[in-house]
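Student: Please find one structure pasted underneath; my questions will follow.
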Amino acid sequence: MSLKAVLLDFNGVIIKDDHINTQLIDQILIEENLQPQKLKEIQAFLGRSDGGYWQELLKNRGRVASQEYINKLLHRKAQAYLQEIAKISKLPLYSGVEDLIYQVRSHNLKLGLVGGAMGAEITLVLERANLTEYFSVIVAGDDITISKPQPQGYVLAVERLNQKYPDLNLQPQECLAIDNTPDGIKAAKQAQMQVVGVANTYPYHMLQRWCNWTVDYLTDLEWSRVQELYAKKDLKLTAPEC
């Protein structure tokens with residue numbers, strides 16, 4: 001077995017925008033005559049797609065929501081997010097993102113993104129950061145119907161990489177997912193991938209129980225060691241179940 005592709009989460013791995021998202025979602029909830037988010041909700045739902053996040057919030061408030069209604073909220077939030085990002089002169093990218101991309105490319109690995117944010121949000125951030133060209137595939141929240149912790153997003157990323165590179169013959173076990181939330185880690189594990197948990201959002205000791213590797217910062221990941229472990233065909237890389 002060899003490592004062929006690396007799949008990154010978006011919010012919490014590439015960009016530190018949790019405060020922006022929290023503020024915009026609370027604003028929309030108030031406009032809809034609903035209570036703002038509670039801390040326990042934010043902690044419980046982090047890592048889910050924007051659509052999945054809204055479903056849980058509305059369910060907790062006793063609001064029966066059609067998909068059409070949720071789509072309207074998603075559009076409002078996405079437009080507000082684009083406006084907020086446009087105001088920022090220097091994007092709050094996590095330290096080590098550019099070095100990570102360099103390491104992936106220097107090892108001749110494919111790079112993909114599997115995020116829960118809307119495609120327009122991801123596209124704007126990557127364009128502003130001059131990172132778009134490095135991602136072979138992007139799976140956004142509006143590309144999937146089932147949110148993390150279900151594996152649909154990661155599975156779709158493998159399918160798209162194989163469509164784009166027919167000779168790659170990529171298997172999920174040949175992918176390394178880098179995520180920052182329990183739901184994201186569960187999704188990657190269910191997709192049969194190995195996972196690096198980066199402690200940008202949750203404590204190191206919490207992620208360590210579930211991931212194959214855990215790091216405080218992206219720059220802490222030892223790529224040579226990771227590739228060596230993938231090269232050992234008889235090595236069992238599977239971490240404890242989430």
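The values are calculated or read from the model by the stated rules, or taken from the named source; none is laboratory data. These numbers come from a predicted model, not from an experiment. When we count neighbours, we look across all protein chains shown, and the Cβ atoms used for this are built from the backbone with ideal geometry, even at glycine. Each accessible area value is taken on the protein alone, full model and side chains, heavy atoms only, with ligands, DNA and RNA left out. Shrake-Rupley method; radii C 1.70, N 1.55, O 1.52, S 1.80 Å.
Student: Are there any pairs with C-beta distances below 6 angstrom linking a residue in the range 213-229 that is on the phi < 0 side of the Ramachandran plot to a residue that is polar (S, T, N, Q), with the two at least 6 apart or on different chains, and if so which?
Tutor: If the second residue must be polar (S, T, N, Q), the pairs left are T214/Q208; W223/Q103.
Student: While we're on this one: Could you go through the range 142-151 and let me know if any residue there is touching a residue at least 12 places away in the same chain (Cβ under 8 Å), open to solvent by less than 50 Å² (accessible area, probe 1.4 Å) and within 23 Å of L91 (Cβ to Cβ).
Tutor: Looking for residues that are touching a residue at least 12 places away in the same chain (Cβ under 8 Å), open to solvent by less than 50 Å² (accessible area, probe 1.4 Å) and within 23 Å of L91 (Cβ to Cβ), one finds none in the range 142-151, hence no.
Student: Under 8 Å by Cβ, and 6 or more places apart or on different chains, what pairs join a residue from the range 184-199 that is surrounded by fewer than 24 Cβ atoms within 10 Å (Cβ to Cβ) with one that is of a type in the set (D, E)?
Tutor: A199/D216
Student: Mind checking which residues of the range 11-50 are assigned to a loop (DSSP other than H, G, I, E, B), crowded, with 17+ Cβ neighbours inside 10 Å and either at pLDDT below 95 or within 20 Å of the chain's Cα centre (by Cα) (or both)? Outline the logic, then answer.
Tutor: Just the residues of the range 11-50 that are assigned to a loop (DSSP other than H, G, I, E, B), to begin with: 12-14, 16-17, 32-38, 46-49.
Keeping just the survivors that are crowded, with 17+ Cβ neighbours inside 10 Å gives 12-14, 17, 37, 46-49.
Across the range 11-50, the qualifying residues are G12, V13, I14, D17, L46, G47, R48, S49.
Student: Here's a follow-up. Here is a list of conditions, (1) among the hydroxyl-bearing types (S, T, Y); (2) in contact with a Gly (Cβ under 9 Å, 6 or more places away or on another chain); (3) at pLDDT 95 or above, and T132 meets all of them except one; can you say which number that is?
Tutor: (2)
Student: May I ask you to list the residues in the range 198-210 that are closer than 18 Å to F10 by Cα and part of a loop (DSSP other than H, G, I, E, B)? Let's see the steps before the verdict.
Tutor: Narrowing the range 198-210 to residues closer than 18 Å to F10 by Cα: 198-202, 207.
Residues satisfying the conditions are A199, N200, T201, Y202.
Student: Would you pick out the residues in the range 74-132 that are of a type in the set (G, A, S), open to solvent by 10 Å² or more (accessible area, probe 1.4 Å) and assigned to a helix (DSSP H, G or I)?
Tutor: Within the range 74-132, A80, A86, S106, G119, A120 meet the criteria.
Student: Take the range 116-147 and flag every residue that is farther than 20 Å from I85 by Cβ and touching a Ser or Thr at 6+ places or on another chain (Cβ under 7 Å).
Tutor: Scanning the range 116-147 gives I144, S147.
Student: While we're looking at this one, here's another question. Looking only at the range 179-197, decide whether some residue is within 18 Å of L3 (Cα to Cα), at pLDDT below 95 and part of a loop (DSSP other than H, G, I, E, B).
Tutor: no
Student: List the number of the failed condition for L221; all other conditions in (1) under 13 Å from the mean Cα position of the chain (by Cα); (2) under 16 Å from A5 (Cα atoms); (3) modelled with pLDDT under 95 hold.
Tutor: Of the numbered conditions (1) under 13 Å from the mean Cα position of the chain (by Cα); (2) under 16 Å from A5 (Cα atoms); (3) modelled with pLDDT under 95, the odd one out for L221 is (1).
Student: Inspect the range 53-67 for any residue being assigned to a helix (DSSP H, G or I), surrounded by 15 or more Cβ atoms within 10 Å (Cβ to Cβ), over 20 Å from the mean Cα position of the chain (by Cα) and not β-branched (V, I, T) and give the result as yes or no.
Tutor: Yes: one or more hits.
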